[in-house]
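*Asks:* My structure is below; once you've seen it, I'll send some questions.
The values are calculated or read from the model by the stated rules, or taken from the named source; none is laboratory data. It should be emphasised that the depicted structure is a prediction, and the values quoted were computed from it without experimental measurement. All Cβ positions, glycine included, derive from the backbone under ideal geometry; neighbour counts span all protein chains shown.
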Amino acid sequence: MTTTSTSSLQADLIDLHPPAADMQRLVEQGLNSQPKQLPAWFLYDAEGSRLFDQICEQPEYQLTRTEIALLEQEAEAMATTLGPGVIVEFGAGSARKVGPLLKALTPDAYVALDISTDHLRHATQALQEQHPKVPMLGICCDHSQLDALPAHPLLEGQRRLGFFPGSSLGNFSRQDAITLLKRFRTLLAGGPLLLGLDHPKPAPVLEAAYDDAAGVSAAFAGNLLQRLKRELNADFNPAQFRYRARWQPDQSRVEMALVSCCDQDVQIADQRWNFQTGEPLVTEYSLKYSPAMAQELAATAGWRWVQRWHDPDDTLSLHLLVPAD
Ligand SMILES: C[S@@+](CC[C@H](N)C(=O)[O-])C[C@H]1O[C@@H](n2cnc3c(N)ncnc32)[C@H](O)[C@@H]1O
């Protein structure tokens, strides 16, 4: 663990990024599964986070613009409903969405968690300069590490308000989403959770959103292979994979994959893996939740659904959840 010390305008940072050995173990696990699949967080090194920000600017990817507009419009009502405390944002990315809540709520502190270390450092630092009176902390970790966070004054003895926008919960299988929502519940210790979830939509809309004409989504997925080359000494030839995003209505999800263009062997660390022609390497899923599905999921994970805010076309929701007991 490394920490960066605080001065008046310096956001604190705790770096708990999983080491390369853990990544290697997860690669082995993922490539032994059927279909081959890697954890979605592998997409987010510094370059991946930069590309994700570019995806958010693409005309086909409406989610970010729509959710920010909703937050700007409803921040006062959300702040009143959430009440006072420390905002804890999960998977904060560039932390571009919390601004309206910081203004409306003036929280005791802001804590941003994300797996992408340098991106998180820059995001919290930029936000700290915009909101000098709100003490800020970044914690670089995988969501699976939430049960074992080190003590920090900003997380001690204060009411916690969870914020998880961007429909990032959709990257998890239903079972993993339930586990994660339970983890949030434990960490938030009685506090509420504001959860952003995208709704199911027609296949052409969703497939375009995750495979934009400018090719940024494809580059984002392709960067995963570059990352494995850089960090785990893999010998992928990215030109021998093509990107695919397809809506799977029976699972209410978009599947994103790199599909092998030929029969090929790839070396990663000290192991070889075979990819047959047409075989996918799933880079991430994006599950879409109707309001009814979201309520059912929340209840299964021990949360009570209170209300939702949505955009004029009702394409996504920000759900307010409180612990069920
Ligand atoms: C879809 S982006 C959303 C970013 C931002 N919240 C938004 O709404 O635009 C997902 C974010 O979660 C982070 N992330 C993905 N998987 C994670 C994990 N397992 N643990 C922690 N952070 C994760 C990524 O680095 C990325 O910043």
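*Asks:* Would you pick out the residues in segment 142-151 that are away from the ligand (no atom under 13 Å from the Cβ) and either assigned to a loop (DSSP other than H, G, I, E, B) or among the aromatic types (Phe, Trp, Tyr) (or both)?
*Replies:* Residues satisfying the conditions are PRO150, ALA151.
*Asks:* Moving on. Can you tell me which residue is nearest to the chain's Cα centre (by Cα) among those in segment 268-290 that are surrounded by fewer than 16 Cβ atoms within 10 Å (Cβ to Cβ) and modelled with pLDDT of 95 or more?
*Replies:* Out of the qualifying residues, it is SER290.
*Asks:* Ok, one more. Do we have ALA214 as under 30 Å from ALA177 (Cα atoms) and in contact (Cβ under 8 Å) with a residue 40 or more places away in the chain here? Spell out the reasoning first.
*Replies:* On the way: under 30 Å from ALA177 (Cα atoms): no; in contact (Cβ under 8 Å) with a residue 40 or more places away in the chain: yes.
No, not satisfied.
*Asks:* Next up: Could you tell me which residue of segment 159-168 is farthest from LEU316 (Cα to Cα), considering only residues that are more than 10 Å from the ligand (Cβ to nearest atom) and buried (at least 20 other Cβ atoms within 10 Å of the Cβ)?
*Replies:* Going residue by residue through segment 159-168, those that are more than 10 Å from the ligand (Cβ to nearest atom) are 159-162.
Checking the rest, the ones that are also buried (at least 20 other Cβ atoms within 10 Å of the Cβ) come to 160-162.
Values: ARG160: 24, LEU161: 21, GLY162: 18 Å.
Looking at the filtered set, the residue picked out is ARG160.
Listed here are the residues, each with its yes/no results for (1) over 30 Å from ILE268 (Cβ atoms); (2) part of a helix (DSSP H, G or I); (3) of a type in the set (Phe, Trp, Tyr); (4) at pLDDT below 95.
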| position | (1), (2), (3), (4) |
| --- | --- |
| PHE52 | no, yes, yes, no |
| GLU60 | yes, no, no, no |
| THR81 | yes, yes, no, no |
| ALA92 | no, no, no, no |
| PRO107 | yes, no, no, no |
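*Asks:* So which residues in segment 126-141 are more than 9 Å from the ligand (Cβ to nearest atom) and closer than 23 Å to LEU43 by Cβ, if there are any at all? Don't jump to the end; show me each part of the working.
*Replies:* Step one: list which residues in segment 126-141 are more than 9 Å from the ligand (Cβ to nearest atom), which gives 126-139.
Answer for segment 126-141, where residues must be more than 9 Å from the ligand (Cβ to nearest atom) and closer than 23 Å to LEU43 by Cβ: ALA126, LEU127, GLY138, ILE139.
*Asks:* Tell me, please, whether a residue that is touching a residue at least 60 places away in the same chain (Cβ under 8 Å), surrounded by 15 or more Cβ atoms within 10 Å (Cβ to Cβ) and in contact with a strand residue (DSSP E or B) (Cβ under 8 Å, 6 or more places away or on another chain) can be found in segment 50-60.
*Replies:* no
*Asks:* Please go through (1) assigned by TED's automatic domain parsing to the domain that holds THR80; (2) part of a helix (DSSP H, G or I); (3) in contact (Cβ under 8 Å) with a residue 40 or more places away in the chain for LEU197 and return the number of the only condition it doesn't satisfy.
*Replies:* (2)
*Asks:* Looking at segment 65-78, can you tell me whether even one residue there is surrounded by fewer than 20 Cβ atoms within 10 Å (Cβ to Cβ), β-branched (Val, Ile, Thr) and within 13 Å of the ligand (Cβ to nearest atom)?
*Replies:* Yes: one or more hits.
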